[in-house]
Amino acid sequence: MLNLTSLGGAGTVTGSKHLLVHDGKRILIDCGLFQGLKNLRELNWAPLPIKPSSIDAVVLTHAHLDHSGYLPKLVKDGFRGNIFATDATRDVAELILKDSGHLQEKDAEYANRKGFSKHKPAMPLYGLRDAERALERFLSVPFGKPVQLPGGATLMFRHAGHILGAATADIHWGGKRIVFSGDLGRYGDPMMHDPASVSEADYIVIESTYGNRIHEQGDPTEMLGSVIERTVQRGGSVVIPAFAVGRAQSLLYHLWKLKSSGRLSTIPIYLDSPMAISATELLHAHRNDHRLSPEDCDTVCGIATYTRDVEASKEITAISFPKVVISASGMATGGRVLHHLKAFASDRKNTILFSGFQAAGTRGRAMLQGAREIKIHGKWIPVEAEVTDLPALSAHADSDELMRWLSGFRHAPTRIFIVHGEAEAAEALRVRIGKDLEWNATVPRQDQAFDL
C-alpha cells in the first residue's frame, strides 16, 4: 500500500512537505519552511511527526525557501539520505540555504544585541554549517531521464517553469504513478520555459497558490514602466521587494526592455541583494533552463548596479534622486529590503511595489491590505508611500494556467490532491476541477493520511 501525508503546505502556501510511504520506506517530496503567520512559523520549531532519520530520501522540486528551507533542520535532526534535485536547483539551493542559515544566525545575534526578542537568548533554527551539511547530501538528476530512488521507486523530472531548475516530479512506486506539480510557472513567460505536459498519472498533487485568481492581462513591461514613471514624476524612488531567485531576474528583464525602448534612460537601477546577484549569475551557468540567448543574458544581467556589501547598500539610502531599488526578501519578511522600507516607506513621494505572492502574516500582505505602519526590527514604521502590486509579473501559474497544465493528462486520475494554497484558493481550485474536468479532487488537512 502506498500512503500520502502532507506534513506541510496543506491549507497554507508555505512549508511544503509531502510524505510517501511504501513497505516501510519513506520519501519526502519537498522540505520547506513555514513562513508568514506566527502560528505557522512556530511549526518550524515543532518536531516532525516522524523521525528525520526514518526518511530514506527527499525529492526537491525547486529551491525556494518554502520548498527547501527546512532541509538543514532535517539534516541537523538526523536525516542521512540523499536529496534528489536538478543541477540548477542544487546550485540555487546552495545560495538560498546558506543565506537562510547565515541570516538566522545574524537575526538571532541582532535580536540579542538589541534586546527585542522574547527569548533569552534568541537562537537560530539552524545555522550556516547546518546548511552546508544539507548541501552535501544532494544528488543531481537530469530532466527527462528516470532515476532510481530507495525502495524501488522511480523518479522523472520535467520542466515546471517558475524559476531556474524548477521541476514537476513524476514518481512510480508500488504500482502507482503519482505526479507532483511543485510550483508551476507561467505559459509564454519571456524568460522561463513553459511547464511541460504530463500525460498519465494515477494521482496528482497540485499547488494552488493562485487557485482562485486570474492574473491581470496586459504587458507587464508597460505596467512596470508606468509605475516607475509616475513615481519619478513626483520625485520619488521605487522599492521592489523581490524574491532573490526568479523575480529579481524577471524584473531585470523587464527593466532592460524599458531601457532598450528609450524609457527610464536616466533612472539608476540597483540590485541590492547578494543572493539575487549570485542567482542572476546562474543564468549563465544554466542556459538550457531558460529562454534567453547568451547575448540577451549578458545585457539583462548588466542593466543594474550590483551592491554586495553593506556599506554600498547604505549609500543607496543616502542618494536623494529618484531610483529603482530591487532587494530581497520578496514578502518583506527579512533581508536588506527591510532597511530600505525603513528609509523609504514613510515618504509619500515613493512607491513600494510588490511583484509576487504575499502570504498571510507577512509585511507584504499587510501593506497591500492597507496597513499604515509596519513593525521592523522592533520599531513601528509609518507607511505613507504608494503601495501597489503587479500580479502580471508573478512567476506562479494562475487558475487558468493550472487548469491548462491539468488538461495535458489524457485520462482522469483516481484522485487529485490540492496543496500549497491558502484555504480559499485551494477550495476554489477544487470546485473548478470538479466542475470543468469532473475529477475527484481533495484539499488535504495537515498530517491527514491517504491510502493510494
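No value in this document is a laboratory result; all are computed from the given coordinates. Predicted model only: the values in this text are computed from it and were never measured. So basically every Cβ, Gly included, is an ideal-geometry build from the backbone, and we count neighbours across all protein chains shown.
If you take every residue apart from Met403 with its C-beta less than 9 Å away from the C-beta of Met403, what net charge results, scoring Lys and Arg +1 and Asp and Glu -1? In short, -1. Taking the Cα centre of the chain as the origin and placing charges on Cβ (Lys, Arg +1; Asp, Glu -1), which of Leu48, Ala318, Pro382 is farthest toward the positive end of the dipole? Among Leu48, Ala318, Pro382, the one farthest towards the positive end of the dipole of the chain is Pro382. Would you work out if the range 225-322 is rounded, prolate or oblate? Take a ≥ b ≥ c from the square roots of the eigenvalues of the alpha-carbon gyration tensor; rounded if a/c is under 1.5, else prolate when a/b is larger than b/c, oblate otherwise. Taking the square roots of the gyration eigenvalues as a ≥ b ≥ c, the range 225-322 is oblate.
Counted by neighbouring Cβ atoms within 10 Å, the residues Cys301, Cys31 run from fewest to most as Cys301, Cys31. Sequentially through the range 164-180, phi angles give Karplus couplings (6.51, -1.76, 1.60; θ = phi - 60°) of 3, x, 4, 9, 8, 10, 9, 10, 9, 7, x, x, 10, 10, 10, 10, 9 Hz, Gly and Pro residues having no value and appearing as x. Here is the tail figure for the range 49-108: Cα pairs spaced more than 17 Å apart come to 40 percent of all pairs. Close amide-amide hydrogen proximity is noted between Leu2 and Leu452, each under 5 Å apart and 5 or more residues distant or on a separate chain (H modeled in the peptide plane; Pro and chain starts excluded).
Take the Cα radius of gyration of the chain and divide it by 2.2 N^0.38 Å, N being the number of residues; the result is 0.95. Looking at this model, which pairs from Lys73/Lys314; Lys257/Lys349; Lys145/Lys257; Lys314/Lys379; Lys259/Lys314 are more than 28 angstrom apart at the alpha-carbon? Violating the 28 Å Cα-Cα cut-off are Lys73/Lys314; Lys145/Lys257.
Around the Cα centre of the range 220-393, unit charges on the Cβ atoms of Lys, Arg, Asp and Glu (plus for the first two, minus for the last two) sum to a dipole of about 500 debye.
Pairwise over distinct Cα atoms, reciprocal of the mean inverse distance: report the Kirkwood radius of the range 220-393 in Å, one decimal place. Computed over Cα pairs of the range 220-393, the Kirkwood hydrodynamic radius comes out at 16.1 Å. Suppose every Lys and Arg Cβ carries +1 and every Asp and Glu Cβ carries -1, with no other charges. What dipole size does the chain come out with about its Cα centre, to the nearest 20 debye? Here the size comes out at about 1120 debye.
This ranking places Thr5, Thr154 by how few other beta-carbon atoms lie within 10 Å of each, fewest first, which gives Thr154, Thr5.
Note on Lys323, Lys379: ascending count of other Cβ atoms within 10 Å places them as Lys379, Lys323, the fewest first. Per residue, the Cα convex hull of the range 3-56 amounts to 71 Å³.
Computed over the range 309-452, the range of Cα coordinates on each principal axis works out to 59, 30, 29 Å, biggest value leading.
Dipole orientation for the chain: of the candidates Ala304, Ala423, Leu402, Ala423 has the Cα lying most toward the positive pole (charges on Cβ; Lys, Arg +1; Asp, Glu -1).
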